[in-house]
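Everything below concerns the one structure shown next.
Rule-based calculations on the coordinates, nothing more; no lab input. Quantities reported herein were computed from a predicted structural model and do not represent experimental measurements. Here the Cβ positions follow ideal geometry from the backbone for every residue, glycine too, while neighbour counts run over all protein chains shown.
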Amino acid sequence: MTGLMQGKRGLIMGLANDRSLAWGIAQKLAEHGAELAFSYQGEALGRRVKPLAEQLGQDFLFECDVSDMASLDAAFATLRERWETIDFVVHAIGFSDKNELRGKYYDTSLDNFLMTMNISVYSFTAVAQRARAMMPDGGALLTLTYYGSEKVVPHYNVMGVAKSALDTSVKYLAMDMGPENIRVNAISAGPIKTLAASGIGDFRYILKWNELNSPLRRNVTIDDVGGAGLYLLSDLASGVTGEIHHVDAGYNVIGMKAEDAPDI
Ligand code: NAD
């Protein structure tokens, strides 16, 4: 363990199980001395998150549904009861109706479009509003995005549109909060098999395609994401804000299928 995060504390939002990207990040932060609080969506997930938090020696957990502003207010009030200030927040939250994460984007319904934008995009801004009030001496916010915001990935559909808006939110928030020394960044993670990802049509094909065509010829793990999360939330990244940092085995730089990649 290094003292990289010693004396720092923050909130992890979006831990569902030990395959969550949030778990990769939380483990790395705890390993380097951070104190963590966890918010979870609903009692059922709370029962899964509790033992994971305990594994990291943490016991500060509370419920938060980010689509409900009263629930967000209550969560931050609970956070403030124990900690007057925080140093970082990890927002690892996204949601869309899985029936619209397959087929054509033009079939997206208004209801699901609005819900997806609310939970996957607006919530990060709503969190930033509340977190900055607890960061009088600066801090760092981190969210998770995906390449489907930059280029078309089959089936990603409305989630790709939402991630584009999330990427842009990162930049506007970085500009707004920079004078307060609050840094705002995103990790654009390569595909990883998680609960959320299982809703995406043909996800196994996406995984295989990335493995065969990325420069590192492999898929990334939640450990890879955790390492980058630790960097972005620590003082090592003190000069970095508004950044969309790819942790995707290099896939985003590739313009053509690799010569040695077999047909899939
Ligand atoms: P996950 O299922 O482990 O995590 C998604 C989390 O979102 C869950 O904890 C869920 O409870 C939470 N959530 C959904 N709706 C919510 C709400 N209304 N209120 C509060 N929480 C809510 O899956 P994951 O893949 O770890 O997803 C985390 C983030 O990473 C998402 O933003 C996702 O889009 C992003 N991401 C995932 C991948 C991947 O391939 N898995 C790649 C790039 C980016």
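Simple point charges give the picture: +1 on the Cβ of Lys and Arg, -1 on the Cβ of Asp and Glu, and for the chain a dipole about the Cα centre of about 360 debye. Cβ crowding within 10 Å, taken as a proxy for footprinting-reagent exposure, orders D65, D87 from fewest neighbours to most as D65, D87.
Full extension from D97 to L236: what is 0.36 nm times the residue separation minus their Cα-Cα distance, to one decimal in nm? Let's see the in-between values first.
On the way: separation 139, 0.36 × 139 = 50.04 nm, distance 3.77 nm.
Gain on extension, D97 to L236, equals 46.3 nm.
Simple spin-label estimate for N181 and D107 gives 5.2 nm between the two label positions (7 Å along the Cα-to-Cβ direction from each Cα). Along the stretch 174-184 the Karplus relation, 6.51 cos²θ - 1.76 cosθ + 1.60 evaluated at θ = phi - 60°, assigns HN-Hα couplings of 4, 5, 5, 9, x, x, 8, 6, 9, 8, 10 Hz to successive residues, with x for each Gly and Pro. Taking label positions 7 Å along the Cα-Cβ direction at both W83 and K50, the computed distance is 2.1 nm, reported to one decimal. When the helices of the chain are scored as -39500 (n - 2.57) per DSSP H run of n ≥ 4 and the total is divided over every residue, the value at 222 nm lands at -12000 deg cm²/dmol.
If you stretched the chain out fully between L195 and N17, how much longer would it get, using 0.36 nm times the residue separation minus the C-alpha to C-alpha distance? The partial results should precede the final answer.
Numbers: separation 178, 0.36 × 178 = 64.08 nm, distance 0.83 nm.
Answer, rounded to one decimal: 63.2 nm.
Note on K163: aspartates and glutamates with a C-alpha under 13 Å away, same-chain residues under 8 apart excluded, are E150. Of all DSSP-defined beta bridges confined to the chain, some 0% are antiparallel rather than parallel.
Between 0 and 90 degrees, rounded to the nearest ten: what's the tilt of helix 43-55 against the longest Cα principal axis of the chain? Long axis of 43-55 versus the principal axis of the chain: about 70 degrees.
Only lysines eight or more places from K28 in sequence, or on another chain, were considered; those with a Cα closer than 23 Å are K8, K50, K193. Compared with the dominant principal axis of the Cα atoms in the chain, helix 203-213 is inclined by about 80°. With respect to the chain, whose longest principal axis is taken over its alpha-carbon atoms, helix 123-132 is tilted by about 30°. Each Cα pair of the chain feeds into the Kirkwood radius, which the Stokes-Einstein equation turns, at 20 °C and 1.002 mPa s, into a diffusion coefficient of 115 µm²/s.
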